[in-house]
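Novice: Below are the structure tokens for one structure; questions will follow.
The values are calculated or read from the model by the stated rules, or taken from the named source; none is laboratory data. Model, not experiment: these values are computed from the prediction. Positions of Cβ are generated from backbone atoms using ideal geometry, with glycine treated the same way; all protein chains shown enter the neighbour counts.
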Amino acid sequence: MNLLVIGQSHVAAIRAAAKTHRETYPDEPRTRVIHTIEPAHAPEFVNVAGGDYAAATFGPALRAAIEDQIARHSPRVASVVGGNVHNVLALMRHPRPYDFRLSNEDGPPLDEDAELIPEALVRATLTARLAPDFARLRALGEIAGPFFHVESPPPVREEAFITARAEALFRDRAEGEVIAAGPGLRWRMWRLTSRLMRSAVEQLGGRYLPAPASARDADGFLNLELAADPTHGNEAYGELLIRAIEDA
């Protein structure tokens, strides 16, 4: 079965795994990826007015690239769109630490030193920040019809790993010392984001695939040996995603 996986930074793990598989088994069906914000596909969006993504769709080069892959290879189409908004909001400890209770789902303990804020406020913030990702999902559905969407990688538990390996994007947002947010907040932000993305995918007639169970520890965190950095999976994780899409 040929696969076509579309997304942004999370396609890197899948691309690496697909390359290794292709070199090892050159006669087997292939997994191809399209990174929507690579220069060859610019502009990613058209019909974006003043930051309003309600009418946004993919630009002509990106749309043509997706249509060409579908026409030539008849692949199973999957998305790893987005997956970093929750990290932008919660990977690093906020100068005024906060946490929230997640409804209908148990998880790690709350941060005792954090200010509790309503889940509704977190949900509203996430919904606004996810507007470009919702637009990407809609645009992909317009081209490909029903598709699979794979949940973004779970957070890693180990705060020292995050502090040592956080990308510049997150280090630059830290005020003063670089300190990871507590695992509970990071887990809850990821879970709430997953709920919002699942709802968007299912409203489009797509199918939502949770992160592979074999990649997670007993509490739902990403096993550290599968992490490329604090926010992305590595090649071994990409291989698990390919197998999950094939088996869905």
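Novice: Applying the selection to the range 208-220, what residues are out of contact with any helix residue (DSSP H, G or I) (no Cβ under 7 Å at 6 or more places or on another chain) and either surrounded by fewer than 20 Cβ atoms within 10 Å (Cβ to Cβ) or in a strand (DSSP E or B) (or both)?
Specialist: Pro210, Ala213, Arg216, Asp217, Ala218, Asp219
Novice: Let me ask something additional. If Leu185 meets every condition in (1) modelled with pLDDT of 95 or more; (2) outside any helix (DSSP H, G or I); (3) farther than 21 Å from Val81 by Cα apart from one, which number is that one?
Specialist: Evaluating Leu185 over (1) modelled with pLDDT of 95 or more; (2) outside any helix (DSSP H, G or I); (3) farther than 21 Å from Val81 by Cα leaves (2) as the failure.
Novice: Sort out which residues of the range 48-69 are among the polar types (S, T, N, Q) and over 15 Å from Asp133 (Cα atoms), and write them in order of number. Give the steps one after another, and end with the answer.
Specialist: Taking the range 48-69 first, the residues among the polar types (S, T, N, Q) are 57, 69.
Hit for the range 48-69 is Gln69, nothing else.
Novice: Would you check if there is a residue in the range 33-51 being modelled with pLDDT of 95 or more, farther than 28 Å from Arg165 by Cβ and crowded, with 17+ Cβ neighbours inside 10 Å?
Specialist: Yes, some residue in the range 33-51 is modelled with pLDDT of 95 or more, farther than 28 Å from Arg165 by Cβ and crowded, with 17+ Cβ neighbours inside 10 Å.
Novice: Return only the number of the condition from (1) farther than 20 Å from Ala54 by Cα; (2) within 16 Å of the chain's Cα centre (by Cα); (3) not in a loop (DSSP other than H, G, I, E, B) that Asp133 does not satisfy.
Specialist: In the conditions (1) farther than 20 Å from Ala54 by Cα; (2) within 16 Å of the chain's Cα centre (by Cα); (3) not in a loop (DSSP other than H, G, I, E, B), Asp133 misses (1) alone.
Novice: Please find, among Glu159, Glu119, Glu115, the residue that is farther than 25 Å from His10 by Cβ, in contact with a strand residue (DSSP E or B) (Cβ under 6 Å, 6 or more places away or on another chain) and acidic (Asp, Glu).
Specialist: Glu115
Novice: From the list Ala139, Ala65, exactly one residue is in contact with a Ser or Thr (Cβ under 7 Å, 6 or more places away or on another chain), of a type in the set (Gly, Ala, Ser), outside any loop (DSSP other than H, G, I, E, B) and touching a residue at least 24 places away in the same chain (Cβ under 8 Å). Which is it?
Specialist: The unique qualifying residue is Ala139.
Novice: Return yes or no: is Gly83 touching a His at 6+ places or on another chain (Cβ under 6 Å), under 30 Å from Phe170 (Cβ atoms), in a loop (DSSP other than H, G, I, E, B) and in contact (Cβ under 8 Å) with a residue 12 or more places away in the chain?
Specialist: yes
Novice: Counting only residues that are over 25 Å from Ala16 (Cβ atoms) and touching a strand residue (DSSP E or B) at 6+ places or on another chain (Cβ under 8 Å), which one in the range 181-205 is surrounded by the fewest Cβ atoms within 10 Å (Cβ to Cβ)? Lay out the reasoning, then the answer.
Specialist: Filtering the range 181-205 down to residues over 25 Å from Ala16 (Cβ atoms) leaves 181-185, 187-189, 191-192, 195-196, 198-200, 202-205.
If we keep only those that are touching a strand residue (DSSP E or B) at 6+ places or on another chain (Cβ under 8 Å) as well, we get 181-182, 184-185, 188, 198, 202.
On the way: Ala181: 23, Gly182: 21, Gly184: 19, Leu185: 27, Arg188: 24, Arg198: 17, Glu202: 12.
By that ranking, first place goes to Glu202.
Novice: Please determine whether any residue of the range 97-105 is within 17 Å of Ala144 (Cα to Cα), assigned to a loop (DSSP other than H, G, I, E, B) and within 21 Å of the chain's Cα centre (by Cα).
Specialist: no
Novice: With the condition kept exactly as written, say whether any residue in the range 221-235 is among the small types (Gly, Ala, Ser), surrounded by fewer than 17 Cβ atoms within 10 Å (Cβ to Cβ) and either touching a residue at least 12 places away in the same chain (Cβ under 8 Å) or out of contact with any Pro (no Cβ under 8 Å at 6 or more places or on another chain) (or both). Please lay out each step first, then the result.
Specialist: We begin by selecting, within the range 221-235, every residue among the small types (Gly, Ala, Ser); these are 227-228, 233.
From the residues that got through so far, the ones that are surrounded by fewer than 17 Cβ atoms within 10 Å (Cβ to Cβ) too are none.
Checking the range 221-235: not a single residue is among the small types (Gly, Ala, Ser), surrounded by fewer than 17 Cβ atoms within 10 Å (Cβ to Cβ) and either touching a residue at least 12 places away in the same chain (Cβ under 8 Å) or out of contact with any Pro (no Cβ under 8 Å at 6 or more places or on another chain) (or both).
Novice: Which one of Ala128, Ala164 is modelled with pLDDT under 95, at negative phi and out of contact with any Phe, Trp or Tyr (no Cβ under 9 Å at 6 or more places or on another chain)? Spell out how you get there, then give the answer.
Specialist: Details: Ala128 fails: modelled with pLDDT under 95.
The conditions single out Ala164.
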